[in-house]
Amino acid sequence: MKKAPFLTLLAATAILLVASCASTPVEKLDPAGDLKVVRTAATESRAKALEFKADIAVPLLFTDADSTLTQAKKLDTANETETALVEYKKATSMFTNAFNEAKLKKDAAIKALETTGKERILAEETIQAIETEQKEAGDE
Amino acid sequence: MNKKIISLMLVIFCLSAISAQNLQDNKHQKAGRDYEKQAREALNAGNYDEAAIKANLSSEEYRKSIEYAETLKLKFRAANAINLAQRTITDVSNVKTTADFYAAEISQAKTTLAEARKLFDAENWLESRAKAMESLAFLKDIRRVEPEPKQKTTSVSKNVLPRFYTVVARPTNTDCFWNISGMKGVFGDPTLWENLWKNNKDSMKNPDNPNLIFPGMVIEIPSINGETREGNLDPNKDYSALQ
């Protein structure tokens with residue numbers, strides 16, 4: 001007599017579980033579309049880094065990023081989509097990092113040159129004043 | 001070095017009236033400009049680290065250039081003060097009656113000026129200038145003492161040659177030791193210019209450079225053959241030739 005309610009409960013639970021699994025929507029995968037997006041992003045991030053001459057300013061960072069992109073392209077060509085996706089995203093991140101580092105360095109260099117320009121003007125003005133004074137003294 | 005070669009070089013240099021040291025081309029300013037140029041080239045090439053380094057080196061050189069120029073300014077001021085003191089001593093000594101009347105002041109001025117020169121040689125520019133100004137201070141109250149009216153002679157004997165010559169600015173054939181030495185009242189021979197230079201080194205801004213004379217400078221002409229010398233050279237006078 002006691003077994004019957006338990007078994008009923010068990011069966012109901014099982015039915016419930018099966019039903020919930022059946023109703024879970026299956027995610028639609030579009031690997032080709034995702035791949036195109038990340039591929040474009042990687043290419044654009046490379047171009048942006050090159051605009052700031054990151055290949056010269058931070059050569060190691062840029063080279064590493066480039067190697068990752070090359071790897072991504074190989075996987076892409078070999079239709080290893082999932083892995084290619086990961087590599088493209090990684091390359092994008094690395095190029096962005098290279099760009100940021102190059103920008104930091106460029107900004108620092110520009111700032112240093114601005115200071116130099118001011119020092120040069122100050123030196124020229126100081127010297128000019130001294131030369132004028134000396135010339136006037138010589139004319140006396 | 002051959003005397004004639006030195007004389008020829010002096011003739012060439014005499015084409016410019018006044019020569020001033022070009023401070024804008026001092027070595028630090030030049031180095032600063034070079035580094036700055038390298039920094040800009042590195043920036044354009046993408047070598048940002050190198051650009052920053054070169055820019056900092058450039059800034060350092062420009063700061064050194066300012067220090068160098070400031071030091072030279074002090075030197076110039078000291079030299080100018082010494083020159084002014086010397087000219088003033090020469091001017092007041094030029095009139096015998098004034099010189100005799102103020103002998104003590106002139107003597108003190110000369111002693112103090114000598115101290116100023118020593119400090120200059122030791123590169124104590126500030127103290128040197130101060131001493132030169134102190135020398136001038138001894139002379140500030142000196143007034144010309146008019147000589148007794150001349151009764152015996154109204155004109156200087158033709159045989160008496162001038163003792164002083166004041167440098168003037170000329171559009172051509174500019175005053176320099178060579179030309180001045182060639183003047184009839186002086187030596188009548190430009191190759192004897194070194195006598196003028198050696199005798200006036202104390203009153204020159206740069207005693208080692210005989211080219212640096214300028215309008216207004218009073219040059220004392222030494223007696224080289226025992227001739228009597230008095231007063232200033234009169235360009236309108238016809239002097240006898242140096243024997």
| query | Somewhere in the range B:94-106, is a residue touching a strand residue (DSSP E or B) at 6+ places or on another chain (Cβ under 7 Å), in contact (Cβ under 8 Å) with a residue 60 or more places away in the chain and in a helix (DSSP H, G or I)? | reply | yes
| field | Residue count for the range B:46-99, restricted to those that are of a type in the set (S, T, Y) and under 24 Å from A:I127 (Cβ atoms) | value | 6
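Conditions tested, residue by residue: (1) surrounded by fewer than 19 Cβ atoms within 10 Å (Cβ to Cβ); (2) modelled with pLDDT under 95.
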position: A:S67; (1), (2): yes, no
position: A:N79; (1), (2): yes, yes
position: A:T115; (1), (2): yes, no
position: A:E119; (1), (2): no, no
| Of all residues in the range B:49-93, which are at the interface with chain A (Cβ under 9 Å from one of its Cβ atoms), closer than 20 Å to A:K135 by Cα and among the polar types (S, T, N, Q)? | B:S65, B:N80, B:N83
| remark: Expected output for the range B:186-214 (first residue within 14 Å of chain A (Cβ to nearest Cβ), partner at pLDDT 90 or above and in a loop (DSSP other than H, G, I, E, B), Cβ below 6 Å, 6+ apart or cross-chain) is B:I213/B:V167
| request: Answer yes or no as to whether B:E105 is modelled with pLDDT under 95, open to solvent by 50 Å² or more (accessible area, probe 1.4 Å) and under 17 Å from A:A137 (Cβ atoms). | output: no
| query | Just wondering, is there one or more residues in the range A:96-103 that are in a helix (DSSP H, G or I), of a type in the set (F, W, Y) and within 13 Å of chain B (Cβ to nearest Cβ)? | reply | yes
| message | Show the residue pairs meeting these rules: Cβ distance below 7 Å; 6+ apart or different chains; first residue within the range A:34-46 and buried (at least 17 other Cβ atoms within 10 Å of the Cβ); second residue of a type in the set (S, T, Y) and at pLDDT below 95. | response | A:L35/A:T81
| task | Check the range A:122-131 and report whether any residue there is open to solvent by 70 Å² or more (accessible area, probe 1.4 Å) and not charged (D, E, K, R). | result | yes
| request: Would you check if there is a residue in the range B:6-13 being modelled with pLDDT of 85 or more and open to solvent by 20 Å² or more (accessible area, probe 1.4 Å)? | output: no
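Table: residues versus (1) among the acidic types (D, E); (2) open to solvent by 40 Å² or more (accessible area, probe 1.4 Å); (3) under 10 Å from the mean Cα position of the chain (by Cα).
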{"site": "B:K184", "(1), (2), (3)": "no, yes, no"}
{"site": "B:N195", "(1), (2), (3)": "no, yes, no"}
{"site": "B:N200", "(1), (2), (3)": "no, no, yes"}
{"site": "B:M204", "(1), (2), (3)": "no, no, yes"}
{"site": "B:F214", "(1), (2), (3)": "no, no, yes"}
{"site": "B:I219", "(1), (2), (3)": "no, no, yes"}
{"site": "B:R229", "(1), (2), (3)": "no, no, no"}
{"site": "B:D234", "(1), (2), (3)": "yes, yes, no"}
| Unmet requirement for A:Q134, which otherwise passes all of (1) away from chain B (no Cβ under 14 Å); (2) crowded, with 20+ Cβ neighbours inside 10 Å; (3) at pLDDT below 95 | (1)
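Conditions tested, residue by residue: (1) open to solvent by less than 50 Å² (accessible area, probe 1.4 Å); (2) at pLDDT 95 or above.
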site: B:S93; (1), (2): yes, no
site: B:T112; (1), (2): yes, yes
site: B:K118; (1), (2): no, yes
site: B:R129; (1), (2): no, yes
| said: Yes or no: the range A:57-77 includes at least one residue that is at the interface with another protein chain (Cβ under 8 Å from one of its Cβ atoms) and either more than 29 Å from B:A45 (Cβ to Cβ) or part of a helix (DSSP H, G or I) (or both). | reply: yes
| query | What's the number of the condition A:K74 fails, among (1) open to solvent by 40 Å² or more (accessible area, probe 1.4 Å); (2) in contact with a Pro (Cβ under 9 Å, 6 or more places away or on another chain)? | reply | (2)
| Does the range A:48-56 contain at least one residue that is within 13 Å of the chain's Cα centre (by Cα) and of a type outside the set (A, V, I, L, M, F, W, C)? | yes
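The values are calculated or read from the model by the stated rules, or taken from the named source; none is laboratory data. Quick caveat, the model's predicted, so the values are computed rather than measured. As a convention, Cβ positions derive from the backbone with ideal geometry for all residues, glycine included, and neighbour counts pool all protein chains shown. These area figures cover heavy atoms from the full protein model, side chains too; ligands, DNA and RNA do not enter into them. Shrake-Rupley method; radii C 1.70, N 1.55, O 1.52, S 1.80 Å.
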